[in-house]
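*Asks:* One structure, as structure tokens, below. Some questions next.
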Amino acid sequence: DYTVGTECHKGHSSFIVVNNKEGEKQGLRQRRIYIKKGEKCKFEIFAGFLTDFAMKLIPPLEGVTSASDVKYESRELKIELISEDTGKKIYKSICNLKPVQSLFSMEIDPGEFFGYVTLQISFKFEGSLLLSWCSLMPLDSIKGWRKDVVEKLIEAKVPVLRFPGGCYTTFFNWREWAVLRNERRAMPSFFWGGLDENDTGIDEFLDLCEASGAKPQICINMMTSNAFEAASLVEYCNGADDSP
């Protein structure tokens, strides 16, 4: 497993899982996910498969293959939820992957089942899976936030929530958070290493404040940014709908 930054849609890189033999199963698992009885969930995955040709959607240079000349073949990716007590499959679905990563969304109804499950993402085609992100959330979540978390914030009467907070503000570029989640680049974590996925942006943060009744405190970056960007952030949060 490693990452590549040339064929991804979210972040500088996508996770890659390589299968060197057709018919063998490869993939990823996440264990110990608790499913409540009757709790419907929404699963989303942003993925595709790695190709060995240069994708060109415009007239190519001589000797470079155009995407219009390539046969688009789909490849199957299996999504499963498996009971950790009995090994029984609670849910199964197939995603038909494309060379360009796409968003797949599905609703999961566990019925009478409750307990711990393993989320399994697997494939048998020879080649490489490109995976930018995936998410499993209860359908009753509040704009992406878990309902029980929002309820606890309301119960605690949290007066103020801060964003982004801490040392991270030193490198905070608000424009990176002001795009759709699928398009939001992961940012280098200069203090701790690796990447911060930035799944929570300004709009998601304000949704949480609105749902919980807390007032938002948004930090500005005056270490590696400037006053103009700070003023632009204020306008983004408070300006009219036709504001640039």
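The values are calculated or read from the model by the stated rules, or taken from the named source; none is laboratory data. Being a predicted model, the structure only gives us computed values, none of them experimental. When we count neighbours, we look across all protein chains shown, and the Cβ atoms used for this are built from the backbone with ideal geometry, even at glycine. Keep in mind that these areas ignore ligands, DNA and RNA; they rest on the heavy atoms of the full protein, side chains included. Shrake-Rupley method; radii C 1.70, N 1.55, O 1.52, S 1.80 Å.
*Asks:* Among (1) farther than 19 Å from VAL17 by Cβ; (2) aliphatic (A, V, I, L, M); (3) modelled with pLDDT of 90 or more, there is one condition ALA54 misses while meeting the rest; what is its number?
*Replies:* Failing condition for ALA54: (3).
*Asks:* Of all residues in segment 188-224, which are of a type in the set (Gly, Ala, Ser) and more than 16 Å from ALA178 (Cα to Cα)?
*Replies:* The answer is SER189, GLY193, GLY194, ALA211, SER212, GLY213, ALA214.
*Asks:* Out of the residues in segment 108-142 that are hydrophobic (A, V, I, L, M, F, W, C) and part of a loop (DSSP other than H, G, I, E, B), state the one that is farthest from LYS36 (Cα to Cα).
*Replies:* PHE125
*Asks:* Condition first: within 30 Å of ARG75 (Cβ to Cβ), part of a strand (DSSP E or B), of a type in the set (A, V, I, L, M, F, W, C) and open to solvent by 50 Å² or more (accessible area, probe 1.4 Å). Can you find one or more residues in segment 97-107 that meet it?
*Replies:* Taking every residue of segment 97-107 in turn, at least one turns out to be within 30 Å of ARG75 (Cβ to Cβ), part of a strand (DSSP E or B), of a type in the set (A, V, I, L, M, F, W, C) and open to solvent by 50 Å² or more (accessible area, probe 1.4 Å).
*Asks:* Restricting to segment 216-229, what's the tally of residues that are within 27 Å of the chain's Cα centre (by Cα) and not acidic (Asp, Glu)?
*Replies:* Matching residues across segment 216-229 total 8.
*Asks:* Going by the structure shown, is ASP241 without any contact (Cβ under 8 Å) to a residue 40 or more places away in the chain and out of contact with any strand residue (DSSP E or B) (no Cβ under 7 Å at 6 or more places or on another chain)?
*Replies:* Yes; evaluated as a whole, the condition is true for this residue.
*Asks:* For ALA186, which of the numbered conditions (1) open to solvent by 30 Å² or more (accessible area, probe 1.4 Å); (2) more than 18 Å from SER212 (Cα to Cα); (3) in contact (Cβ under 8 Å) with a residue 40 or more places away in the chain fails to hold?
*Replies:* (1)
*Asks:* Considering ASP109, ASP140, which residue is touching a helix residue (DSSP H, G or I) at 6+ places or on another chain (Cβ under 6 Å) and either acidic (Asp, Glu) or at pLDDT 95 or above (or both)?
*Replies:* Of the residues listed, the single one that is touching a helix residue (DSSP H, G or I) at 6+ places or on another chain (Cβ under 6 Å) and either acidic (Asp, Glu) or at pLDDT 95 or above (or both) is ASP140.
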